[in-house]
Amino acid sequence: MAYKVIWKKSVWKDFKEIAEKLRGKLFAKIEKELSKQPTQGEKLRGKFAGLYKRRIGDYRVIYIITPQGVLVLRVRHRKNAYK
């Protein structure tokens, strides 16, 4: 089953901070991986319970699985992902 990947506005702000060269590759990889197997990400705990995380290179993708598809909430460098 293929999931639809939905992007929140905050993700586009995150992408502005990423080097232009890497942006396209990161976008394509997120689309490919999350549309096929979103449940392979690790479930978060604590105040982020209910969300999933997935590491793609040096970046962390924070998302939630909804009935409409996969909603990507943030894409940030690993050192700043939870701030």
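Looking at this structure, is residue 64 without any contact (Cβ under 8 Å) to a residue 24 or more places away in the chain and either over 12 Å from residue 3 (Cα atoms) or not acidic (Asp, Glu) (or both)? Yes; evaluated as a whole, the condition is true for this residue.
Can you pull out every residue in the stretch 25-44 that is surrounded by 11 or more Cβ atoms within 10 Å (Cβ to Cβ) and assigned to a helix (DSSP H, G or I)? Show your work before the answer.
The initial filter retains those residues of the stretch 25-44 that are surrounded by 11 or more Cβ atoms within 10 Å (Cβ to Cβ), namely 25-27, 29-38, 41, 43-44.
Within the stretch 25-44, 25, 26, 27, 29, 30, 31, 32, 33, 34, 35, 36, 38 qualify.
Here is a yes/no grid of residues against (1) in contact (Cβ under 8 Å) with a residue 60 or more places away in the chain; (2) over 9 Å from the mean Cα position of the chain (by Cα); (3) assigned to a strand (DSSP E or B):
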| position | (1), (2), (3) |
| --- | --- |
| 47 | no, yes, no |
| 54 | no, no, yes |
| 60 | no, no, yes |
| 73 | yes, no, yes |
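Yes/no matrix, rows are residues, columns are (1) surrounded by fewer than 12 Cβ atoms within 10 Å (Cβ to Cβ); (2) touching a Gly at 6+ places or on another chain (Cβ under 7 Å):
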position	(1), (2)
15	no, no
47	yes, no
60	no, no
64	no, yes
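Looking across the stretch 1-19 at every residue that is outside any loop (DSSP other than H, G, I, E, B) and of a type outside the set (A, V, I, L, M, F, W, C), the one that is nearest to residue 77 (Cα to Cα) is identified as 14. With respect to (1) part of a helix (DSSP H, G or I); (2) out of contact with any strand residue (DSSP E or B) (no Cβ under 7 Å at 6 or more places or on another chain); (3) under 16 Å from residue 68 (Cβ atoms), the lone exception for residue 22 is condition (3).
Read-outs: derived from the displayed coordinates by stated rules, not from any lab. Just so it is clear, the structure is predicted and the values come from calculations on it, not from any experiment. Glycine also receives a Cβ, built like all others from the backbone with ideal geometry; neighbour counts cover every protein chain displayed.
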